[in-house]
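*Asks:* First the structure, then my questions, so here it is.
Read-outs: derived from the displayed coordinates by stated rules, not from any lab. What you see is a predicted model, and the numbers here were worked out from it, not measured in a lab. Cβ placement follows ideal geometry from the backbone for every residue including glycine, while neighbour counts extend to all protein chains displayed.
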Amino acid sequence: MPATATATAPTAADTLRPTIDFDQLVRTHWSALYKYAYRLAGDAHTAEDLVQDSLLRAWRARHKLKEPAAVKGWLKTIVRRENARRFERIQPRESAMPTEEVGAQRKTYDTSTEAFVLRRAIAALAPEYREPLILQVLHGLSQQEIAERLGLTSAGVGTRLFRARQKLREALGERV
């Protein structure tokens, strides 16, 4: 188990709430937090970093814990949010290559019937449904980023993505 944060002088907020034995809290919840972080990250080193960063945040915000009995859920929420922050820091580079040319650079081409049918179903979508779907699936943009790029509201993009998937299911003969 890693080293824990060292104690500092209590603040005014700390004196109003029951004190938390942070060392005991870490010993009690480290294993559960690590398992949760590992499920989120899928990597042991990243999970350890997530737990460490989360415990540091918890230490700094310990005065905000209103219900000591809810500490495990509070800590898991911090781990989940810390994991989300990892992805906020990632700024993927955008390619100048048009989406239509992405498959053209491949040396191998999926000639299966399923791939042909899927490509045809996507091409048959109306542009207002196809464009947000491609921006999300191929370019990895969030709903908000798509909205900003297309000049729509986030809710409008959500509706278009929902309808695009619904139309693809219909075209592919799947139950909606």
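*Asks:* Viscosity 1.567 mPa s, temperature 4 °C: give me the Stokes-Einstein translational D for the range 12-89 in µm²/s, with Rh taken as the Kirkwood radius over C-alpha pairs.
*Replies:* Working: Rh = 12.8 Å.
After rounding, the answer is 101 µm²/s.
*Asks:* For a protection proxy built on the mean count of beta-carbon atoms within 10 angstrom, sort 58-70, 155-167 highest first, please.
*Replies:* Ranking the peptides 58-70, 155-167 by packing returns 155-167, 58-70.
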